[in-house]
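Data first, discussion second: the structure below is written as structure tokens.
The values are calculated or read from the model by the stated rules, or taken from the named source; none is laboratory data. Remember, predicted model here, so these are calculated numbers, not experimental data. Please note: Cβ atoms are built from the backbone with ideal geometry, for glycine as well, and neighbour counts cover all protein chains shown. Accessible surface is based on the protein model in full, side chains and every heavy atom, while ligands, DNA and RNA are left aside. Shrake-Rupley method; radii C 1.70, N 1.55, O 1.52, S 1.80 Å.
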Amino acid sequence: MLALPAAAAGLHDPFDTTGMAPLKPSPQLAARVGDAPCANVLPATVLTAIDTVDLALCNNPQTREVWAAARAQAALVGVAKAGWLPNLDASASTTRFQYENNAYTRNAAALTLSWLLVDFGQRSANVENAQQLLNAAAATQDATVQSLFLAALQAYYSAQATQAAVISATEAERSARESYQAANARYAVGVATPADRLQAQTALSQATLNRIKAEGDARNALGALANALGFA
């Protein structure tokens, strides 16, 4: 015996158009019910590459747009297939007649069944056209997901690289400062020339400039990553 929810689902989608639609672009979207929003804050744990891609796909409106378009096109495939089904029309009417000393009611009902048997291939062509449009919508979704996937990974690894560059530039600045202090001490005791001291000072200034630039690049990379993930 078929359960009522299953029967209702079968009547609601007799051609299983939901199964024709491509999968949701994001694992988080697939696990959610209805239109529940995606995460709007960064996770408390360390952000991994998988988390980055999932958050980017979940929060980006392009993924929702292409998936909704694919679902709509899958529904149109069902509409095209409905042309093979018979049509059943029912009508009923009640008429009340009133005369001087006499009144009566006339009831009428009609049930009409029609089924198109031959249309010289029009229905098949409509189904094929809708199916090809669904394939195109699925391909568009795949291309969009791949583009966002790549952009998210690029932003993620760019942020990591710039953070590592800040560490490297900070270490280089520390080394240049120590070299300058050593050159300044040698100059103070008369075993180094002013040129040696000036050269070490110039190297320190350049290292400081490199560290400041690296910090700016890191902030820009973090901003690009946050933007890719849909955060401020």
Helix-only [θ]222 nm of the chain, DSSP H runs n ≥ 4, -39500 (n - 2.57) each, per residue, nearest 500: -23000 deg cm²/dmol
For the chain, alpha-carbon Rg relative to the globular expectation (2.2 N^0.38 Å, N residues): 2.02
Cα-derived Rg over Rh, computed across the stretch 132-209 with Rh taken as Kirkwood radius: 1.56
Principal-axis tilt of helix 49-59 within the chain, Cα atoms, nearest 10 degrees: 50 degrees
Spatial extent of the stretch 96-232: Rg and Dmax, with the Cα atoms as the point set, Å: 39.9, 138
Taking N as its residue count, the alpha carbon Rg of the stretch 74-133 over 2.2 N^0.38 Å: 2.02
Accessible surface of the stretch 41-109 [probe 1.4 Å, protein heavy atoms]: carbon and sulfur percent: 57 percent
Protein accessible area in the stretch 155-232, 1.4 Å probe - carbon and sulfur %: 56 percent
Per residue, in Å², the accessible surface of the stretch 105-192 once ligands and nucleic acids are set aside, probe 1.4 Å: 67 Å²
Value of Rg to Rh for the stretch 176-219 (Rh from inverse mean 1/r over Cα pairs, i.e. Kirkwood): 1.17
The stretch 75-222, dipole about Cα centre (Lys/Arg Cβ +1, Asp/Glu Cβ -1), debye to the nearest 20: 340 debye
